[in-house]
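Down below is the structure, laid out as structure tokens.
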Amino acid sequence: MLIKDPKSTDVCYVKGIGEKRAKMLNKLGIYTVYDLVTHYPRGYIDFNDTVTVEDAPQDTYCVVKAKVIGKLAPYHGKIAVYRALVSDGTGDMLVVFFNTIYSFQRLKVGEEYCFYGKAGGNFIRREMNSPIIIEAEKSGTLLPRYNLTHGLTHNMMSVYIRNALSGNVFAERLSEDIMAENRLLGFNDALRMIHFPRTVGEYELAKRRLTFEELFILQLGLRSMKNRKKRLTGASMKRKSLAPYFESLPFELTGAQKRAIGECVKDMTGSAPMNRLLQGDVGSGKTAVAAALCYFAYLNGMQSTLMAPTEILAAQHHKTLSEFLEPLGVKVVLLTGSATAAQKKKIRGEIALGEADIAVGTQALIQKDTVFSNLGLVIADEQHRFGVGQRAALSDKGKDPHTLIMSATPIPRTLGMIIYGDLDISTLDEMPKGRLPVRTYGVDSSYHERLYRFVLKYAQNGFQSYIVCPLVEEGVSEKTGAVQYLEHLQKTCLKDVPTGLLHGKMKQSDKDEVMRRFKSGEYKVLVSTTVIEVGVDVPNAVVMIIENAEQFGLSQLHQLRGRVGRGSEQSHCILVTDSKSDFTKARIDTMIKTSDGFEIANEDLKLRGPGDFFGSKQHGLPPLKIADICTDLAILDETRIAAEKVLKDDPRLASAHNAELKAMVDELFSDCFSA
Ligand code: ADP
Ligand code: MG
């Protein structure tokens, strides 16, 4: 039978699923037959990938292929224990089952099986508790593992999905042409093979087809959304010399900064609006590039605006731009939420009359109620916090001014092209000269006293430190944790050191005040939870201590570390953790070894594995079920070509024969825009 509309067919329709199980499935977001069959395995046990008894790594999941050489008498204590002895010639292993006789009974002495589980025991006799078993001759199989919820087992999921697939046919979702051109399986074959692959080859084919579909729809969506006509900019500029700016700067720009400025100037002197991403690691000097472009607009008689995600960053940018540009006759104003109504009115007046050349502020303030007399350039800092929808709204504002988006989140280039669609990209891949790399160390909490003395010594010499403490113990809120931490410090080692506290529960104006005092040097130490601002620039801060470092992702640690090492003084970053896991060790080692944001992002990806990469949600993309935009780069490229082909004839997916695709796009993006 053909299930025409599996999306509206309740999951109860599937044989074996009653009301009770349906409720459990609902918890996993599975409501319909379609949800069920697209609940893809999160991984597989690969029974091909075997190790010998001797080589089985301690306390790590693996598959051992071995023959049953004897079954021991069951042992009936509080719980029943069933044991079998197996061997593969390199050693013996005891296989143990608790309370479950079923698997034990299946084993036949003299037969060979694959056992999947954690190998423990000692050198004399290895042991494996409650393994999953299959007959050795079926060892080609991949056994799917699902995300589950209480009351459901992998086996149940497999049975339900098998029932849903058997005897049913799901309507094909891609056209014959696209499938043929890209050598893709049909939807039904792909579903069967993704859940029940008989070989790795089958799994790969299925994964490819389903990933292709998802990325294809993603690209169609992103591209059709941006496929508005290329308009002419109302802010075409003429070449002018930036020499006065270069000469007045207190430092020499890096080659990368000069190149980026050149690329932007080229765009801004063209007839279409600039639409560019400036990406550069923390501390690479994006602000100096932004200032150059604002100056360029000024020379052309046009206004610029620089929008920051927070007030504190807006204030910082205002200060920097004023220092760089006011000596050249440029008027820079700051529009903040904390200004009085009268002040805001005055500043808005200056912007409207064109008396102000550059308006710095938070996005909200600048986008709302602010009218420019002659806006030529819009710059948004740390833009990655905004979704694709918001980005479209931004470029729709004004009379097609030039836009530059600045981001410190390192992403591979191909990925950037997807996330940022038709943006051009400039990369600052060079650090300002004379920067000393931050020295990074990993220690455990027995070092606390020493660390505080270290902080004290720097404070006495006029330098500043950050201490980041996530401290999420059970039952202790973020706020209490940080407050207690600070109290402890103030009673002990840092008695006489002015110290500020920053946590997520504070009002924005209080946060700003604390940051202001830290920036001004009044506070020598800043204790903060993870709210510490991305982009804050305090060159006098030279020590960064991160408590419970195991709780952070690598890219996050890198961002935090980027708060120090901004001046000429040697800076230090100390990662404190009591975690002994290999995973944590590997991450701390990476931090010690490298200071390159791109490398760290790649390492993060490798360590965390696909599916758990810096999430698509973080970039404002819709949630994906099977594709991984970081690791499926090859398919990403194929789908780009396929999507371009479709959009060439129908740029906005408006024609009738693309209605199905349009529906799929709308469905994929529905989550994204409601959020
Ligand atoms: P980010 O790219 O992280 O936003 P900033 O623009 O805040 O970096 O710059 C970091 C620091 O480096 C600032 O104090 C800035 O004045 C300084 N800086 C920027 N460019 C250079 C340069 N070419 N040489 C020396 N210092 C620079
Ligand atoms: Mg910055």
(request) Could you tell me whether any residue of the range 169-176 is touching a strand residue (DSSP E or B) at 6+ places or on another chain (Cβ under 7 Å) and farther than 30 Å from Lys645 by Cβ? (result) no
(request) Out of the residues in the range 457-482 that are modelled with pLDDT under 85 and of a type in the set (Val, Ile, Thr), state the one that is farthest from Thr529 (Cα to Cα). (result) Val476
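Okay, residues lined up against (1) within 12 Å of Ile467 (Cβ to Cβ); (2) touching a residue at least 40 places away in the same chain (Cβ under 8 Å); (3) touching a helix residue (DSSP H, G or I) at 6+ places or on another chain (Cβ under 6 Å); (4) away from ligand 1 (no atom under 15 Å from the Cβ):
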{"position": "Thr499", "(1), (2), (3), (4)": "yes, no, no, yes"}
{"position": "Leu502", "(1), (2), (3), (4)": "yes, no, yes, yes"}
{"position": "Pro539", "(1), (2), (3), (4)": "no, no, no, no"}
{"position": "Phe552", "(1), (2), (3), (4)": "no, yes, no, yes"}
{"position": "Glu569", "(1), (2), (3), (4)": "no, yes, no, no"}
{"position": "Cys573", "(1), (2), (3), (4)": "yes, yes, yes, yes"}
{"position": "Ser581", "(1), (2), (3), (4)": "no, no, no, yes"}
(request) Could you tell me which of the residues Asp267, Asp281 is within 16 Å of ligand 2 (Cβ to nearest atom), charged (D, E, K, R) and either closer than 30 Å to Ile600 by Cβ or surrounded by fewer than 20 Cβ atoms within 10 Å (Cβ to Cβ) (or both)? (result) Asp281
(message) With the requirement that a residue be under 30 Å from the mean Cα position of the chain (by Cα), more than 7 Å from ligand 1 (Cβ to nearest atom) and under 23 Å from Phe372 (Cα atoms), what does the range 278-300 give you?
(response) Val289, Ala290, Ala291, Leu293
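Condition check ((1) touching a Lys or Arg at 6+ places or on another chain (Cβ under 8 Å); (2) at pLDDT below 90; (3) within 16 Å of ligand 1 (Cβ to nearest atom)) across all residues:
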| position | (1), (2), (3) |
| --- | --- |
| Val531 | yes, yes, no |
| Val536 | yes, yes, yes |
| Val542 | no, no, yes |
| Val576 | no, no, no |
(message) Condition first: among the aromatic types (Phe, Trp, Tyr), outside the structural domain of Gly562 (by TED's automatic domain parsing), away from ligand 2 (no atom under 16 Å from the Cβ) and over 18 Å from Ile405 (Cα atoms). Can you find one or more residues in the range 324-337 that meet it?
(response) no
(request) State all residues of the range 133-146 that are surrounded by 14 or more Cβ atoms within 10 Å (Cβ to Cβ) and over 23 Å from Ile101 (Cβ atoms); if no residue qualifies, say none. (result) Ser139, Gly140, Thr141, Leu142, Pro144, Arg145, Tyr146
(request) State whether one or more residues within the range 438-455 are at pLDDT 90 or above, among the hydroxyl-bearing types (Ser, Thr, Tyr), under 25 Å from the mean Cα position of the chain (by Cα) and within 16 Å of ligand 1 (Cβ to nearest atom). (result) no
(request) Return yes when Gly349 is more than 16 Å from ligand 1 (Cβ to nearest atom), surrounded by fewer than 22 Cβ atoms within 10 Å (Cβ to Cβ) and over 33 Å from the mean Cα position of the chain (by Cα) and no when it is not. (result) yes
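The values are calculated or read from the model by the stated rules, or taken from the named source; none is laboratory data. Everything quoted here is computed from the prediction, not taken from an experiment. Reconstructed Cβ throughout: ideal geometry from the backbone, glycine too, with neighbour counts over all protein chains shown.
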